[in-house]
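A.B. asks: If you scroll down you'll find the structure; I have some questions about it.
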Amino acid sequence: MLDLARQPLVRVDGLKMHFPIYSGVFRSHTGDVKAVDGVSFDIAQGETLGLVGESGCGKSTVGRALLRLYEPTAGRVIIDGEDVAHLSAEKLRQKRPTMQMVFQDPQASLNPRMTLAGIIGEPLDEHTRLSRAEKTARIYELMDQVGLNRRFANRYPHEFSGGQRQRIGIARALALNPKFIVCDEPIAALDVSIQAQVVNLLEDLQDRLGLTYLFISHDLSMVRHLADRVAVMYLGRIAELSPAKDLYARPLHPYAEALLSAVNEPDPVIAARRKRIILKGDVPSPANPPTGCNFCTRCPQVFELCRQVKPELSEVEPGRFVACHLYDNNKAARSTGGPEATERNQQGAST
Ligand SMILES: Nc1ncnc2c1ncn2[C@@H]1O[C@H](COP(=O)(O)OP(=O)(O)OP(=O)(O)O)[C@@H](O)[C@H]1O
Ligand SMILES: [Mg+2]
C-alpha cells in the first residue's frame, strides 16, 4: 500500500489543456474548450492513482497531456525529475521509454497489418540497438510476462480475443522498461469475465516491476479495488483527492458523494448510512464553465460564495484534498495549498 514517505515519481502542477474553438466565416479563434483547467496531484513511486469522473470530464485529456501526446496549455508535469511539458523534441524522444500508455481499445491501437512480434518489437527498433537474436529474446520475454503463448508471435491482431489483444498492448507498453504507465480505461472494452484477468495482470506487473500507474476509469468499484488514492474529476478540475478507503467510506466533496452514492456498497454499515443522491441539471459545457466552483450549478449544498470564487484543492484532513468552500474553515486550520504543501509540511515536521 501507499507509503507517503516515498518520493513522488509524478508531480503535476496547474495542468491546463485548452482546445481552441474556431468559428465564423474567417475561422477566427472564438473560445476554448477547457478540457483540463488547473489540475494538480502527485503519484508516489509504485502507487496507483485512480482518476474517476463522468464521461467528458477530462480524464483522458489529463492522461494524454501528462505523456505529452497533447501540448499542454499551461502547467508542469514532472516525471522522474524532468518537466515533460517543457522538454525539447529530442529530449522528449529520449524520455518516451520511461512513460507509456495502455489504451481502452486494443483493437484500434494495434496496427492490423503487423504481427504480434512486429507490434511488440516496434518500440525496440525505435529506441534500442538490440541484435536480431536479442530482440527476439526480449519479445518472447515480454510475451511470457503478459501470459501470451510464444507460438502466437507471428499471428495478426484480428486472430486474438479482446483480452489477448489488451495483453499485446500491455506487452508493447512494457517493452522499454517504463516506470510510469497511464492506463486509460484498459478494461472498459472487455467482457466482464475477462476484465478481472487483465486487472490481475496489471497488478501483478506492478508488483514485479515496481510500476507506477495512473488508472483512468469510470468503473468506481474497480478503482476502489485497484487504487491507493483516487482523484475525482468534474468539468476539468479535481473535486476531491483522497486515499481510496477514506473516499469510499466517507466522501467529502458533494460531487464525490453524489457519484459514489450510485455505487453498490459491500459494507452494510456504510450502505445503511448512504443515501442515493440524484443530481439535477446537466454538466455545463467545458467551453463555458461557471464563474465560481465548476460544480455550483448542480451542487445540493451550494451557497453564494460558490457562484463567485473557484475553490482551490486544499488539504482539509490529513491526506485528503478537497476543492469546496464547505471546508474553508478546515483549510484555515490547516495549511492550504495542494499536495506540494503537504509534503513540505511533512518534511518540515521531520526536521
Ligand atoms: N482534441 C480535442 N479537441 C477539442 N475538444 C476535445 C478534444 N479532446 C477532448 N475534447 C473535449 O474535452 C472534454 C474532455 O474530454 P475527455 O475525452 O478528456 O473526457 P473523458 O473524461 O476521458 O471522457 P470519457 O469518460 O467519455 O472517456 C470533452 O468535452 C471533450 O469533448
Ligand atoms: Mg476518456
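A.B. asks: Please list, ordered by first then second residue, the pairs with beta carbon atoms under 8 Å, 6 or more apart or interchain, first in the range 109-124 and of a type in the set (D, E, K, R), second assigned to a helix (DSSP H, G or I).
C.D. replies: Note: pairs meeting the criteria are E122/R172.
A.B. asks: How many residues are away from ligand 1 (no atom under 16 Å from the Cβ), within 24 Å of E82 (Cα to Cα) and open to solvent by less than 50 Å² (accessible area, probe 1.4 Å) when one looks only at the range 95-123?
C.D. replies: The qualifying residues number 6.
A.B. asks: Specify the residue that is farthest from the chain's Cα centre (by Cα); the eligible residues are those in the range 24-43 that are open to solvent by less than 40 Å² (accessible area, probe 1.4 Å) and more than 13 Å from ligand 1 (Cβ to nearest atom).
C.D. replies: The qualifying residue farthest from the chain's Cα centre (by Cα) is G38.
A.B. asks: Search the range 47-64 for residues being part of a loop (DSSP other than H, G, I, E, B) and more than 10 Å from ligand 2 (Cβ to nearest atom), and hand back the single one that is surrounded by the most Cβ atoms within 10 Å (Cβ to Cβ).
C.D. replies: E47
A.B. asks: Looking at the range 210-219 only, could you name the residues that are part of a loop (DSSP other than H, G, I, E, B) and either more than 15 Å from ligand 1 (Cβ to nearest atom) or among the aliphatic types (A, V, I, L, M) (or both)?
C.D. replies: Of everything in the range 210-219, those that are part of a loop (DSSP other than H, G, I, E, B) and either more than 15 Å from ligand 1 (Cβ to nearest atom) or among the aliphatic types (A, V, I, L, M) (or both) turn out to be G210, L211.
A.B. asks: Then there is this: Starting from residues that are among the hydrophobic types (A, V, I, L, M, F, W, C) and open to solvent by 20 Å² or more (accessible area, probe 1.4 Å), keep the ones in the range 124-133 and report whichever is nearest to D144 (Cα to Cα).
C.D. replies: Per the criteria, the residue is A133.
A.B. asks: A further question on this structure: Restricting the search to the range 213-269, which residues are among the β-branched types (V, I, T) and within 16 Å of the chain's Cα centre (by Cα)? Write out each step before concluding.
C.D. replies: Initially, the range 213-269 is screened for residues among the β-branched types (V, I, T), giving 216, 223, 230, 232, 238, 263, 269.
Matches in the range 213-269: I216, V223, V230, V232, I238.
A.B. asks: Output yes when any residue across the range 314-322 is of a type in the set (G, A, S) and farther than 27 Å from D32 by Cβ, and no when none is.
C.D. replies: yes
A.B. asks: So Q206 ticks every box in (1) at pLDDT 95 or above; (2) surrounded by 23 or more Cβ atoms within 10 Å (Cβ to Cβ); (3) in contact with a Phe, Trp or Tyr (Cβ under 9 Å, 6 or more places away or on another chain); (4) not aromatic (F, W, Y) but one. Which box is left unticked?
C.D. replies: (2)
A.B. asks: Working only within the range 150-165, note down all residues that are open to solvent by 40 Å² or more (accessible area, probe 1.4 Å) and over 21 Å from V199 (Cβ atoms).
C.D. replies: Result: R150, R151, N154, R155, Y156, H158, E159.
A.B. asks: Still on this structure, please answer the following. Among E141, E203, E134, which is the only one that is within 30 Å of V12 (Cα to Cα) and in a helix (DSSP H, G or I)?
C.D. replies: On the way: E141 fails: within 30 Å of V12 (Cα to Cα); E134 fails: within 30 Å of V12 (Cα to Cα).
Being within 30 Å of V12 (Cα to Cα) and in a helix (DSSP H, G or I) holds for just one of E141, E203, E134, which is E203.
A.B. asks: I'm checking my understanding of the structure. Among residues of the range 220-257 that are open to solvent by less than 10 Å² (accessible area, probe 1.4 Å) and assigned to a helix (DSSP H, G or I), which one is farthest from E47 (Cα to Cα)?
C.D. replies: Among those that are open to solvent by less than 10 Å² (accessible area, probe 1.4 Å) and assigned to a helix (DSSP H, G or I), it is P254.
A.B. asks: Going through the range 161-185 one residue at a time, which ones are touching a residue at least 24 places away in the same chain (Cβ under 8 Å), away from ligand 1 (no atom under 16 Å from the Cβ) and not aliphatic (A, V, I, L, M)? Write out each step before concluding.
C.D. replies: Step one: filter the range 161-185 for residues touching a residue at least 24 places away in the same chain (Cβ under 8 Å), giving 161-163, 165-185.
Cutting the leftovers down to away from ligand 1 (no atom under 16 Å from the Cβ) gives us 161-163, 165-181.
Residues satisfying the conditions are S161, G162, G163, R165, Q166, R167, G169, R172, N177, P178, K179, F180.
The values are calculated or read from the model by the stated rules, or taken from the named source; none is laboratory data. A quick note: this is a predicted structure, and the numbers were derived from the prediction, not measured. All Cβ positions, glycine included, derive from the backbone under ideal geometry; neighbour counts span all protein chains shown. These accessible areas exclude ligands, DNA and RNA; they are computed on the full protein's heavy atoms, side chains included. Shrake-Rupley method; radii C 1.70, N 1.55, O 1.52, S 1.80 Å.
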